[in-house]
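Beneath this line is the structure, given in structure tokens, with notes to follow.
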Amino acid sequence: MKVLVVYYSMYGHIEKMAQAIAAGVGEVEGAEAVLRRVPETLSAEILGKMGALEAQKNMASVPVATVDELAEADAIIFGTPTRFGNMCGQMRQFLDATGALWGKGALIGKVGSVFTSSATQHGGQESTILSFHTTLLHHGMVIVGLPYSFAGQMGVAEVTGCSPYGASTIAGGQGERLPSENELAGARFQGAHVARIAAKLCR
């Protein structure tokens, strides 16, 4: 069973979450996680001005996703940073190219799930995931979130991401905060949870 983890990461925060998601998928017998990046839409010059060029080079070993790969997967977990409470433009452009898949109903019945990041604690994590779900529903996907059986989202002792809609991390205004252990645990939990649900649907 193939679980595709498709993400965009500018500074590496979403990539770290994607790796944790993939680790969670790997905990489920018979499940294989495949990591893919969506195509970059910004020039190297712009990325350099944003201080993201070095991080982009470090992530270059992950292959760039193609639209056709979505149809080949049994489940797809999408990762995107928050942009004003919505998915980033790179992810939006990638998804806008899936019209042919929609026309064929190629994603109907597949599990879809989302994780995200934001600069601040209340930076639109939940709205990003919920608005992302709209696209998945148009494709007929079966949406899976992060259930409260992940106890890490119940605590109040620390500032942390994660909600019932999906795993998330807080990056900080300058990208200085890396995903916490609790946030990575939420991502691993989500990866395993999606894989188990997909396995049931594949029977």
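General observations
- Full-stretch length increase - Ala60, Asp96 - with 0.36 nm per residue and alpha-carbon distance subtracted: 10.7 nm
- Efficiency of FRET between Lys2 and Val159 - r from beta-carbon atoms, R0 45 angstrom, step 0.05: 0.80
- With both labels modelled 7 Å from their Cα along Cα-to-Cβ, the His138 to Glu40 distance reads 2.7 nm.
- Cα-based shape type of the chain, given that a ≥ b ≥ c are square roots of the gyration tensor eigenvalues and the cut on a/c is 1.5: oblate
- Fluctuation leader among Gly152, Gly99, Gly123 - the chain, Gaussian network, Cα springs under 10 angstrom: Gly99
- The peptide list 101-108, 34-41, put in order of mean Cβ contacts within 10 Å with the highest first, becomes 34-41, 101-108.
- Unit charges on C-beta of K, R, D, E only; dipole of the range 1-150, Debye: 300
- Peptides ranked, highest mean first, by Cβ atoms within 10 Å: ranges 112-118, 164-170, 1-7: 112-118, 164-170, 1-7
- Applying a threshold of 29 Å to the alpha-carbon distances of Lys2/Lys57; Lys16/Lys104; Lys57/Lys104; Lys57/Lys200; Lys49/Lys104; Lys16/Lys200 flags Lys16/Lys104; Lys57/Lys104; Lys57/Lys200; Lys49/Lys104 as lying beyond it.
No lab work stands behind these numbers, since they all come straight from the coordinates. Quick caveat: nothing in here was measured; it's all calculated off a predicted structure. Note: ideal-geometry Cβ built from the backbone for every residue, glycine included; neighbour counts use all protein chains shown.
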